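Below is one structure, written out as structure tokens; the observations come after it.
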Amino acid sequence: MSWRELTFRDLLSAVSGVAMTVALCLVFLVAPREAIMGDVQRVFYFHVSAAWTGYLALLVAFLASLLYLLRREGRWDGVALSSVEIGLIFVTEGIISGSIWAKATWGAWWTWDPRLTTSAVLWLIYASYLTLRQAIEGETRRARLAAVYSVVGFVAVPINFMAIRWWRTVHPVVFERAGCHLSPAMLATLIFCVATFTLLYFTLLSYRLRLQRMSEQLQQLRR
Amino acid sequence: MGKVWAIILKDLALQRRSREMLNSMFIFALIVILVFSFSFELRVERVKQIAPGVLWVAFTFAGMLGLSRSFILESDQGCLDGLLLCPVDRSVIYFGKMLSNLLFISITEAIILPLYFALFNLPFKLLLLPIIVLGTVGFSAVGTLFSAMTVHVRAREVMLPILLFPIVMPALIAAVKLTGGILDGQAWSEMTHWLQLLVGFDVIFLAVSYMAFDYVVEE
């Protein structure tokens, strides 16, 4: 394969591969050891990045669903489905890494903290979305009903967060208005990790969309 | 408004003849309350602590039964097509069905409530009624939309609770908190944010469901 045949997707994969390696080096070698929590705190960088990317993916799915309802173009449904699938994986990673961190610092795998609980409800909503898609026959009907559920589900997320926040909070607030508790090296690592995960999301999305297009082509060929 | 009323009257006439939905909702709610009292009695010191949760679980589970029948009854004999062919706005159909669901769930709640106070030996508080109405409005607003959505879905009886419960979680939390607060005789100032949340949920999801209903019943 000559370099002329390289696609934008190949470039994206290469860049996110390099960025991920650099991110790992930053997390384990460059970022300073946290004074109180120790090395466990290093999970924080990927935890925040995964959670952020998960929420971003679900925002993309929400916008794609809205566009589908307005324009009725099948590709928007493809974007919504792909983004939900990837987003759900990132949210799961956020929950699992958060759980590990919680066990080490709060002494419990799970606390009924607002952000944890909101993420759990969010996870349930989008798992239901995927379940719903499996239960509907007919492409356009599936796309339409799934889009409606994705929109309604996304509207529910902030309300859920508010409801759950009024319980009690033990989750650390990293960024407060007064400033942040992170040292410059930690902050730089965090920003780099978040950017890397965002890049990884778009890489995965482009592969997932290609898969979607190929499966549609296959469907058409079979007919 | 008259057209909305006509849909409610149609559902009422249907229920007056068969009572299928109301009977099953009432019995199911009663079973839920009994199952909860049996399963918690041994470990909970004061039954009052779990009472608000039990009430709302009974209401939502029974409401779910009603909602899952709501549009299936329509589609069974091709009624839904007839309803959609009526020269009325889709929003009329949504509000008609939503209000009739609200009515049936409220009737079930009205029968269950005295039994609940007797079984848990709690003092009756009149303030509870508006809270129950608010909680039920939010529940039926989203429930009616999803009930229409699951008509054409495989395994629809299973799909409705899966779709509905994660979305109505905030309304459920607020309703349980308010019910608990009223039963404990808490000051209103401590509960206003829950009331705001519940009212906000009702308003937002009535609007969202009303707008989304058009897309759901398109065919």
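The values are calculated or read from the model by the stated rules, or taken from the named source; none is laboratory data. Quantities reported herein were computed from a predicted structural model and do not represent experimental measurements. Every residue, glycine as well, gets a Cβ built from its backbone with ideal geometry; the counts of neighbours run over all protein chains shown.
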Name the single residue that is nearest to the chain's Cα centre (by Cα) among those in segment A:5-27 being surrounded by 13 or more Cβ atoms within 10 Å (Cβ to Cβ) and of a type in the set (Ser, Thr, Tyr).
A:Ser16
Within segment A:133-148, how many residues are among the aliphatic types (A, V, I, L, M), in contact (Cβ under 8 Å) with a residue 40 or more places away in the chain and at the interface with another protein chain (Cβ under 8 Å from one of its Cβ atoms)?
2
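Provide a single number: the residues in segment B:1-15 that are more than 17 Å from B:Glu74 (Cβ to Cβ) and either within 17 Å of the chain's Cα centre (by Cα) or at pLDDT below 85 (or both).
Restricting attention to segment B:1-15, the residues satisfying the condition of being more than 17 Å from B:Glu74 (Cβ to Cβ) are B:1-2, B:5.
Now narrow it down to the ones that are either within 17 Å of the chain's Cα centre (by Cα) or at pLDDT below 85 (or both): B:1-2.
Counting residues in segment B:1-15 that are more than 17 Å from B:Glu74 (Cβ to Cβ) and either within 17 Å of the chain's Cα centre (by Cα) or at pLDDT below 85 (or both) gives 2.
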Which numbered condition B:Val199 fails, given (1) in contact with a helix residue (DSSP H, G or I) (Cβ under 6 Å, 6 or more places away or on another chain); (2) of a type in the set (A, V, I, L, M); (3) touching a residue at least 60 places away in the same chain (Cβ under 8 Å)
(1)
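Evaluate the following for B:Ile111: is it crowded, with 18+ Cβ neighbours inside 10 Å and either β-branched (Val, Ile, Thr) or touching a Pro at 6+ places or on another chain (Cβ under 7 Å) (or both)? Outline the logic, then answer.
Working: crowded, with 18+ Cβ neighbours inside 10 Å: no; either β-branched (Val, Ile, Thr) or touching a Pro at 6+ places or on another chain (Cβ under 7 Å) (or both): yes.
Criteria not met by B:Ile111.
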State which residue is surrounded by the most Cβ atoms within 10 Å (Cβ to Cβ) when the search covers only segment B:1-10 and only residues that are in a helix (DSSP H, G or I) and not β-branched (Val, Ile, Thr).
B:Lys10
Hey, among the residues in segment A:105-130 that are surrounded by fewer than 20 Cβ atoms within 10 Å (Cβ to Cβ) and aromatic (Phe, Trp, Tyr), which one's nearest to A:Gly54 (Cα to Cα)?
A:Trp123
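Does B:Glu74 satisfy being within 17 Å of the chain's Cα centre (by Cα) and of a type in the set (Asp, Glu)? It would help to see each step written out before you state the result.
On the way: within 17 Å of the chain's Cα centre (by Cα): no; of a type in the set (Asp, Glu): yes.
Here the answer is no, as B:Glu74 does not meet what is asked.
Looking at segment B:108-219, what helices (runs of 4 or more DSSP H) fall wholly within it and have at least 2 residues that are touching a Lys or Arg at 6+ places or on another chain (Cβ under 9 Å) and facing chain A (nearest Cβ under 7 Å)?
Numbers: elements: B:128-149, B:156-184, B:192-216.
Helices (runs of 4 or more DSSP H) meeting the threshold: B:192-216.
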So B:Arg90 ticks every box in (1) within 14 Å of chain A (Cβ to nearest Cβ); (2) within 14 Å of the chain's Cα centre (by Cα) but one. Which box is left unticked?
(2)
Find all pairs meeting these conditions: Cβ atoms under 6 angstrom apart; at least six residues apart or on different chains; first residue within segment B:50-73 and closer than 18 Å to B:Ile131 by Cα; second residue of a type in the set (A, V, I, L, M) and buried (at least 24 other Cβ atoms within 10 Å of the Cβ).
B:Trp56/B:Ala175; B:Ala58/B:Ala29; B:Ala62/B:Met25; B:Ala62/B:Ala29; B:Gly63/B:Ile105
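Matching residues to (1) more than 30 Å from A:Gly138 (Cα to Cα); (2) buried (at least 17 other Cβ atoms within 10 Å of the Cβ); (3) touching a residue at least 40 places away in the same chain (Cβ under 8 Å):
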position	(1), (2), (3)
B:Leu129	yes, no, no
B:Gly138	yes, yes, yes
B:Leu160	no, yes, yes
B:Val203	yes, no, no
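Quick check on this structure: which one of B:Gly78, B:Gly66 is of a type in the set (Gly, Ala, Ser) and buried (at least 22 other Cβ atoms within 10 Å of the Cβ)? Step through it out loud before you land on a result.
Details: B:Gly78 fails: buried (at least 22 other Cβ atoms within 10 Å of the Cβ).
That would be B:Gly66, the only listed residue that is of a type in the set (Gly, Ala, Ser) and buried (at least 22 other Cβ atoms within 10 Å of the Cβ).
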